[in-house]
Amino acid sequence: WNRRPISVWRYRELLPVTIPPVTLQEGGTPLYHLERIGRELGLPHLYAKHEGMNPTGSFKDRGMTVGVSMAIQLGMKSVACASTGNTSASLAAYAAKAGIPAIVLLPAGKVALGKVAQALMHGARVIAIRDNFDVALAMVRNLCIEQGIYLLNSVNPYRLEGQKTIGFEAIDQLGEVPDRMVLPVGNAGNISAVYKGLRELEHLGFIDRLPMMTGIQAAGSQPVVEAISGGLPEVRPEMHPETVATAIRIGAPVNGEKALIAIRETGGTAGSVTDEEILSMQRELAQKEGIGVEPASAASVAGIKKLIEEGAIDRDERIVCVVTGHLLKDPETVIKQCPSPVEIDATEQALLSVVRSSF
Ligand code: F0G
């Protein structure tokens, strides 16, 4: 397997699928060394794994290639999910590839434009619920049980099986186990998935230690952070989650308890960042590193910046931040933050005057 290219299916022996998978060639995403941001923070070994480089622009594709393959393997005829956007975009694409219908429930008015566009164009039945994600998830769970539709939210264990390959790839690309892995946390599926995969590698004897699993949430939507800092045995739901990072605008994470285990068993931590810190790191990644991510993704790196400023982590650590979705997912939030293009008459003089004032 060592000669197989880095991708989800490189690790197929550790995945549950036994049929030819429904694949769009997911995984194998770049691991970038954040040279400038790392230098500024005094972190020489800071990396970003750019999950926005997956087929539909987020890490969800890793879960969906396995989840939709399992739907086919199990003989299911239709699939559904609730989503803050990326899961729906990914499910729509993989259902299209598999040739089965998909139904997606979105919180009305709270999903980034690019994600809705993807779900629509890939042919899912898109239903906007006039409430938040947590309510949409409760509704789709009932719908799936009653109608015999295959549910592909992260309550589906096969989704998480696919997503665990993020950790496998990070180790293969880095050539060693990172000291810390940092993930934005919404429904808490991804951090739990990565942890599960790493534990499996440990049990199989491939690695002898685990990275400190570190979860970052938005300040307006941080039930996992509160459970960790309060030493609570379970995650108490936040009834009115709010953040510009709509992907992680989730108050009742279904995998919350698993995330607590991942963080506590590895000596990791959880922290929160404000919307301003998220957007500021989105710009830094774009402008200092050339890496375009959506707001929720910038939360992981913004969280490290905050933890290092608080003196909570060691500067020598090898840190892999998972940046989860692509810049183009949420163009509206980008346009709001950036100056408009300079519009000029089509003359050389007008052009030169703008160019001169630009350097
Ligand atoms: N980052 C992005 C870009 C996401 O879309 C999500 C979750 C997360 C981080 C958090 O991952 O839920 O596993 O803790 N998006 C889901 C969705 C909820 O519906 O697309 P998590």
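Taken together, the criteria place Met213 among residues that are free of Cβ contacts under 8 Å to residues at least 60 places away in the same chain and within 13 Å of the ligand (Cβ to nearest atom). Any residue at all in the stretch 310-327 that is in a helix (DSSP H, G or I) and out of contact with any strand residue (DSSP E or B) (no Cβ under 8 Å at 6 or more places or on another chain)? No, the stretch 310-327 contains no residue that is in a helix (DSSP H, G or I) and out of contact with any strand residue (DSSP E or B) (no Cβ under 8 Å at 6 or more places or on another chain).
Within the stretch 118-130, being on the phi < 0 side of the Ramachandran plot and either surrounded by fewer than 16 Cβ atoms within 10 Å (Cβ to Cβ) or of a type outside the set (A, V, I, L, M) (or both) holds for Gln118, Leu120, Met121, His122, Arg125, Ala128, Arg130. Among the candidates Val182, Val194, the residue that is in contact with a strand residue (DSSP E or B) (Cβ under 7 Å, 6 or more places away or on another chain), under 18 Å from Gly67 (Cα atoms) and in the same structural domain as Val301 (by TED's automatic domain parsing) is uniquely Val194. Scanning the stretch 83-110 for residues that are assigned to a helix (DSSP H, G or I) and more than 10 Å from the ligand (Cβ to nearest atom) returns Ala92, Ala93, Tyr94, Ala95, Ala96, Lys97, Ala98. Considering the stretch 130-208, the qualifying helices (runs of 4 or more DSSP H), each wholly inside and each with 3 or more residues that are among the small types (Gly, Ala, Ser) and either in contact with a Cys (Cβ under 7 Å, 6 or more places away or on another chain) or within 13 Å of the ligand (Cβ to nearest atom) (or both), run over 189-203. Total residues in the stretch 1-52 satisfying the condition of being in contact with a strand residue (DSSP E or B) (Cβ under 6 Å, 6 or more places away or on another chain) and assigned to a loop (DSSP other than H, G, I, E, B): the figure is 3. Listed by first and then second residue, the pairs with beta-carbon distance under 7 Å, at least 6 apart or on different chains, first residue in the stretch 282-298 and in the same structural domain as Cys321 (by TED's automatic domain parsing) and among the charged types (D, E, K, R), second within 12 Å of the ligand (Cβ to nearest atom) and at pLDDT 95 or above, are Glu294/Ala112; Glu294/Ala247; Glu294/Gly325; Glu294/His326; Glu294/Leu327; Glu294/Lys329; Glu294/Asp330.
Determine if the stretch 228-237 includes at least one residue that is touching a residue at least 12 places away in the same chain (Cβ under 8 Å) and under 26 Å from Pro44 (Cα atoms). No, the stretch 228-237 has no match at all. The set of residues from the stretch 291-332 being among the small types (Gly, Ala, Ser) and within 19 Å of the chain's Cα centre (by Cα) comprises Gly292, Ala296, Ser297, Ala298, Ala299, Ser300, Ala302, Gly303, Gly325.
Could you tell me whether any residue of the stretch 243-263 is among the hydroxyl-bearing types (Ser, Thr, Tyr), touching a Ser or Thr at 6+ places or on another chain (Cβ under 9 Å), assigned to a loop (DSSP other than H, G, I, E, B) and at pLDDT 95 or above? The answer is yes, given that some residue of the stretch 243-263 is among the hydroxyl-bearing types (Ser, Thr, Tyr), touching a Ser or Thr at 6+ places or on another chain (Cβ under 9 Å), assigned to a loop (DSSP other than H, G, I, E, B) and at pLDDT 95 or above. For the stretch 191-220, the set of residues classified as of a type in the set (D, E, K, R) and farther than 17 Å from Tyr158 by Cα consists of Glu202, Asp208, Arg209, listed by residue number. Only one of Gln173, Gln147 is out of contact with any Phe, Trp or Tyr (no Cβ under 8 Å at 6 or more places or on another chain), more than 30 Å from Asp316 (Cβ to Cβ) and surrounded by fewer than 20 Cβ atoms within 10 Å (Cβ to Cβ). Can you tell me which? From the options Gln173, Gln147, the qualifying one is Gln147. Scanning the stretch 54-68 for residues that are more than 13 Å from the ligand (Cβ to nearest atom) and either closer than 14 Å to His326 by Cα or surrounded by fewer than 24 Cβ atoms within 10 Å (Cβ to Cβ) (or both) turns up just one, Pro55.
The values are calculated or read from the model by the stated rules, or taken from the named source; none is laboratory data. Keep in mind that what you see is a predicted model, and the values were worked out from it rather than measured. A quick note on method: Cβ atoms are made from the backbone with ideal geometry, for glycine too, and the neighbour counts reach across all protein chains shown.
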